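Asker: My questions will all concern the structure given below.
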Amino acid sequence: MKILLSLIVTSFFSLTIIAQETDVKEASSTDKKFVREYSNLSTNNSFGQTFFNEPIGKSYEDSRLTYKEIKGSPYLTEQPSLGKLVLNDGAIINDVLLQIDLYKGFIIITRNDGEEFFLDKKQIWEVVLFDDEKNETLLKRMNPEKPDQFYIKLYEDDGLTFFKEKYVTIREGENHGLAQTEPKFNVREKHYIQHNGGSIEKVKLNTKEVFLGFSAEEVASFKDYAKSNKLKLKKEESFIELFKALRSHAKK
């Protein structure tokens with residue numbers, strides 16, 4: 001147990017924790033790597049230097065107060081969600097309470113004692129959030145030119161990655177006498193496609209841009225499938241269904 005704690009402390013910048021190591025599991029049948037997996041993460045009162053950047057301070061608490069005066073929400077999920085962290089070395093931390101501020105760009109983690117901290121994104125490779133039905137939202141580093149940016153992975157196989165950036169802006173309120181508008185959080189998205197590890201291309205959700213880069217045969221099969229299944233290829237869900245149905249041979 002002392003050896004295990006020593007390894008965790010080294011990885012997490014001397015974080016004092018109690019962690020129970022689960023059975024070692026094979027990461028996948030393709031890469032043949034093994035990962036360390038931990039659960040029941042907790043911290044004691046000393047806490048010390050951690051892989052969390054810093055506690056939530058007064059400045060951010062003040063920002064949260066202003067959020068209440070703005071219509072809408074800046075968060076990916078309104079309430080903190082149970083999730084897991086995949087670290088840069090492949091280790092997995094399960095059962096972590098997380099909330100993502102899309103306006104400020106912070107990932108916030110809640111300790112077992114209720115105290116909140118900013119997560120040091122440099123130590124994290126993937127963040128997985130679970131909803132009440134155990135559906136996953138996977139956030140991952142996708143763009144080497146923006147190493148601190150986490151994107152939502154929509155679909156991935158051996159030759160294709162389809163993902164999006166989700167962020168929030170504020171529309172300022174205006175007062176023109178009788179005509180007034182409230183300040184509002186606007187949720188925005190940018191979609192991207194990458195073929196065979198090549199350049200990352202920003203695309204609009206239409207067949208002309210999304211299908212660019214596929215072979216003529218693949219595009220024909222995509223269109224046939226969409227027609228047969230009455231898919232309107234204007235939403236990400238339709239393209240995800242399409243890729244899952246017709247690119248299963250390339251699935252990782």
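Just so it is clear, none of the values below were taken in a lab; they were calculated from the coordinates. Keep in mind that what you see is a predicted model, and the values were worked out from it rather than measured. Cβ: placed from backbone, ideal geometry, glycine included. Neighbour counts: every protein chain shown.
Asker: Across region 99-104, in residue order, what do the Karplus-derived ³J(HN,Hα) couplings come to in whole Hz, using 6.51 cos²θ - 1.76 cosθ + 1.60 with θ = phi - 60° and x for Gly and Pro?
Answerer: 9, 10, 8, 6, 7, 8
Asker: Sequence gap at least 6, Cα distance under 8 Å: using those rules, report the relative contact order of region 142-252 to the nearest whole percent.
Answerer: 22
Asker: In sequence order, what are the phi-derived ³J(HN,Hα) couplings for region 130-142 according to the Karplus relation 6.51 cos²θ - 1.76 cosθ + 1.60 with θ = phi - 60°, rounded to whole Hz, with x for glycine and proline?
Answerer: Result, ordered by residue: 10, 8, 5, 9, 6, 6, 9, 10, 9, 10, 8, 5, 10 Hz.
Asker: Tell me, what is the FRET efficiency for V219 and R188 to the nearest 0.05, using R0 = 35 angstrom and their Cβ-Cβ distance as r?
Answerer: That pair, V219 with R188, gives E of 0.80.
Asker: To continue, here is another question. From the phi of every residue in region 70-81, what ³J(HN,Hα) in whole Hz does the Karplus formula 6.51 cos²θ - 1.76 cosθ + 1.60 yield, where θ is phi - 60° and glycine or proline is x?
Answerer: Whole-Hz 3J(HN,Hα) from phi for region 70-81: 10, 5, x, 9, x, 9, 5, 10, 4, 10, x, 10.
Asker: List L85, L212 from most exposed to least, where exposure is judged by having the fewest other Cβ atoms within 10 Å.
Answerer: Neighbour counts put them in this order, fewest first: L212, L85.
Asker: Also, I was wondering about something else. Would you mind ranking H195, H176 by Cβ crowding within 10 Å, fewest neighbours first?
Answerer: H176, H195
Asker: Continuing with this model, one more query. Fewest first, what order do E189, E78 take by the number of other Cβ atoms within 10 Å?
Answerer: So the ranking, lowest neighbour count to highest, is E78, E189.
Asker: Could you list which residues have their amide H under 5 Å from that of I170, counting only those 5 or more apart in sequence or on another chain, with H placed in the peptide plane?
Answerer: Under 5 Å from the amide H of I170: N186.
Asker: Over every pair of different alpha-carbon atoms in region 142-252, take the mean of 1/r and invert it; report that Kirkwood radius in Å.
Answerer: On the way: mean 1/r = 0.0625 Å⁻¹.
After inverting the mean inverse Cα-Cα distance, the result is 16.0 Å.
Asker: Quick one: which of K153/K227; K122/K232; K122/K244; K84/K204 span more than 29 angstrom between C-alpha atoms? Provide the component values of the computation, followed by the final result.
Answerer: Working: K153/K227 26 Å; K122/K232 39 Å; K122/K244 31 Å; K84/K204 31 Å.
Too far apart for the 29 Å limit: K122/K232; K122/K244; K84/K204.
Asker: Could you pull out every residue, at least 5 positions away or on a different chain, whose amide H is within less than 5 Å of the one on Y155? Hs are placed 1.01 Å off N in the peptide plane, and Pro or chain starts have none.
Answerer: The list, which skips near neighbours in sequence, is F162.
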